[in-house]
Amino acid sequence: PLDAGQLTTDPGIGMTVIPPDERGEPLEISGIDLEGADLSLADFRGDITVVNAWATWCAPCRTEKPEFAEVASQFDGQGVSFIGLNVQDEVGAARDFTANTPYPSIIDEDGSMLARIPDVPPRALPITVILDRQGRIAVRIVGPIVLGTLADTVTSVLAQEAAQSG
């Protein structure tokens, strides 16, 4: 598992692991999902929650989407939830793009919800944050994930949470 501070990153891009005592307040994002239902990150407190901000017009987002779908299925029923944040996109195209994605995406028409994620460049995509069980950011990834690493990163957050509660 990754330890806080273990990875050195460029502050503008890459992965940052945030120590539990530096995580701040829970991330508050809520809205309407691509199917028209209300959805809030607060509904997932108690789970490790992976939030991936994406758009159909973002090439790296398209590249990493299959891994997100695969890892979401892999962790199904294990206290890990996945939520998409569809940024500045056409809703019909976004629905088509997520037809085989096993988790919902909140519509962020103007990028205002993306802007609520601390320490990320404005309008940068893709952005992924992994929230601890309290809804606080444990891992922040600015830019595309390194393919093949998402499951290990989620497992690391799960292990850290287990160690803290055990």
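Read through the list (1) within 15 Å of the chain's Cα centre (by Cα); (2) within 30 Å of GLN164 (Cα to Cα); (3) open to solvent by 40 Å² or more (accessible area, probe 1.4 Å), then give the number of the only condition that PRO66 fails. With respect to (1) within 15 Å of the chain's Cα centre (by Cα); (2) within 30 Å of GLN164 (Cα to Cα); (3) open to solvent by 40 Å² or more (accessible area, probe 1.4 Å), PRO66 is out only on (2). Name the single residue that is surrounded by the fewest Cβ atoms within 10 Å (Cβ to Cβ) among those in the stretch 114-140 being touching a Gly at 6+ places or on another chain (Cβ under 8 Å) and modelled with pLDDT under 95. This residue is PRO122. Go through the residues of the stretch 48-56 one by one and say whether even a single one is open to solvent by 20 Å² or more (accessible area, probe 1.4 Å), farther than 23 Å from GLN134 by Cα and without any contact (Cβ under 8 Å) to a residue 60 or more places away in the chain. Checking the stretch 48-56: at least one residue is open to solvent by 20 Å² or more (accessible area, probe 1.4 Å), farther than 23 Å from GLN134 by Cα and without any contact (Cβ under 8 Å) to a residue 60 or more places away in the chain. The lone criterion from (1) under 18 Å from SER156 (Cβ atoms); (2) at pLDDT below 95 left unmet by GLU90 is number (1). If the condition is being of a type outside the set (D, E, K, R), in a strand (DSSP E or B) and either under 21 Å from ARG136 (Cβ atoms) or without any contact (Cβ under 8 Å) to a residue 12 or more places away in the chain (or both), then the stretch 89-120 contributes only ILE106.
The values are calculated or read from the model by the stated rules, or taken from the named source; none is laboratory data. Computed from a predicted structure; not experimentally measured. For neighbour counting, all protein chains shown are included, and Cβ atoms are generated from backbone atoms with ideal geometry for every residue, glycine included. Protein only, heavy atoms only, side chains kept; ligands, DNA and RNA dropped before computing areas. Shrake-Rupley method; radii C 1.70, N 1.55, O 1.52, S 1.80 Å.
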